[in-house]
1. Looking at ALA60, ALA40, ALA47, can you tell me which residue is out of contact with any Leu (no Cβ under 6 Å at 6 or more places or on another chain) and more than 25 Å from VAL10 (Cβ to Cβ)?
2. Please find, among GLY34, GLY29, the residue that is modelled with pLDDT of 95 or more and either touching a Ser or Thr at 6+ places or on another chain (Cβ under 6 Å) or among the aromatic types (Phe, Trp, Tyr) (or both).
3. Please work out if THR116 is open to solvent by 30 Å² or more (accessible area, probe 1.4 Å) and modelled with pLDDT of 95 or more.
4. Within the range 122-149, how many residues are within 17 Å of ILE11 (Cα to Cα), of a type outside the set (Asp, Glu) and open to solvent by less than 70 Å² (accessible area, probe 1.4 Å)?
5. Taking the condition surrounded by 14 or more Cβ atoms within 10 Å (Cβ to Cβ), of a type in the set (D, E, K, R) and touching a residue at least 60 places away in the same chain (Cβ under 8 Å), does ARG52 pass?
6. Quick one: VAL44 ticks every box in (1) closer than 16 Å to ASP75 by Cβ; (2) open to solvent by less than 50 Å² (accessible area, probe 1.4 Å); (3) in contact with a helix residue (DSSP H, G or I) (Cβ under 6 Å, 6 or more places away or on another chain) bar one, so which box is it?
7. Can you confirm whether ARG72 is among the basic types (Lys, Arg), open to solvent by less than 70 Å² (accessible area, probe 1.4 Å) and at pLDDT 95 or above?
8. Does SER36 satisfy being touching a residue at least 40 places away in the same chain (Cβ under 8 Å), among the hydroxyl-bearing types (Ser, Thr, Tyr) and open to solvent by less than 40 Å² (accessible area, probe 1.4 Å)?
Amino acid sequence: MSIAPLSPEVIRRGLDAAIAQAEKSWSEGGIPIGSSLLDASGNVVAAGHNMRVQSGDPTAHAEVSCIRNAGRRRDWRHLTLVSTLSPCPMCSGTAILFKVPRVVIGEHRTFMGAETWMRANGIELTVVDDARCIALMERLQREKPDLWAEDIGE
């Protein structure tokens with residue numbers, strides 16, 4: 001299935017929503033990773049942030065929280081998942097499971113997720129290399145390295 005390309009404005013809208021979620025998580029004492037879900041028109045239909053610290057749930061990554069917040073849907077194949085950080089294998093698997101055709105990644109310098117696996121499953125990836133996303137993760141890794149290691153299972 002072919003999907004229409006995203007305009008820079010739509011990418012920015014989705015990434016701004018995801019960054020707002022990452023900043024919310026950080027302000028709550030959590031891990032600063034956020035995600036948003038865009039519909040075929042580029043509107044944000046759901047957002048979420050990493051809730052592992054706040055909820056005690058080790059599966060409460062930003063992308064999973066965002067998809068949970070989207071609720072029951074039948075239009076997954078027309079949505080775009082946006083994340084401030086390259087999705088880990090669990091979050092990538094969630095996108096693969098629901099056949100989300102496109103994932104926009106804020107950055108993958110500080111952590112490279114399962115991008116090869118997503119591409120192998122037909123997901124179109126766009127890496128933005130956003131300075132705000134990089135700064136959020138570098139701050140986490142500098143100020144709370146043990147929390148970061150816990151989040152990625154080290």
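The values are calculated or read from the model by the stated rules, or taken from the named source; none is laboratory data. It should be emphasised that the depicted structure is a prediction, and the values quoted were computed from it without experimental measurement. Using ideal geometry, Cβ is built from the backbone for each residue, glycine included, and neighbour counts are taken over all protein chains shown. Accessible surface areas use protein heavy atoms only, side chains included; no ligands, DNA or RNA. Shrake-Rupley method; radii C 1.70, N 1.55, O 1.52, S 1.80 Å.
1. Numbers: ALA40 fails: more than 25 Å from VAL10 (Cβ to Cβ); ALA47 fails: more than 25 Å from VAL10 (Cβ to Cβ).
Matching residue, one of ALA60, ALA40, ALA47: ALA60.
2. The match here is GLY34.
3. Details: open to solvent by 30 Å² or more (accessible area, probe 1.4 Å): yes; modelled with pLDDT of 95 or more: yes.
It is true that THR116 is open to solvent by 30 Å² or more (accessible area, probe 1.4 Å) and modelled with pLDDT of 95 or more.
4. In the first step, residues of the range 122-149 are kept if they are within 17 Å of ILE11 (Cα to Cα); the result is 123-134.
Pick out the ones that are also of a type outside the set (Asp, Glu) and you get 123, 125-128, 131-134.
Within this subset, residues satisfying the condition of being open to solvent by less than 70 Å² (accessible area, probe 1.4 Å) are 123, 125-128, 133-134.
Residues in the range 122-149 being within 17 Å of ILE11 (Cα to Cα), of a type outside the set (Asp, Glu) and open to solvent by less than 70 Å² (accessible area, probe 1.4 Å): 7 in total.
5. Values: surrounded by 14 or more Cβ atoms within 10 Å (Cβ to Cβ): yes; of a type in the set (D, E, K, R): yes; touching a residue at least 60 places away in the same chain (Cβ under 8 Å): yes.
For ARG52, the condition - surrounded by 14 or more Cβ atoms within 10 Å (Cβ to Cβ), of a type in the set (D, E, K, R) and touching a residue at least 60 places away in the same chain (Cβ under 8 Å) - is met.
6. So VAL44 meets the others, but not (2).
7. On the way: among the basic types (Lys, Arg): yes; open to solvent by less than 70 Å² (accessible area, probe 1.4 Å): no; at pLDDT 95 or above: yes.
So ARG72 fails the test.
8. Values: touching a residue at least 40 places away in the same chain (Cβ under 8 Å): yes; among the hydroxyl-bearing types (Ser, Thr, Tyr): yes; open to solvent by less than 40 Å² (accessible area, probe 1.4 Å): yes.
When the stated conditions are applied, SER36 passes them.
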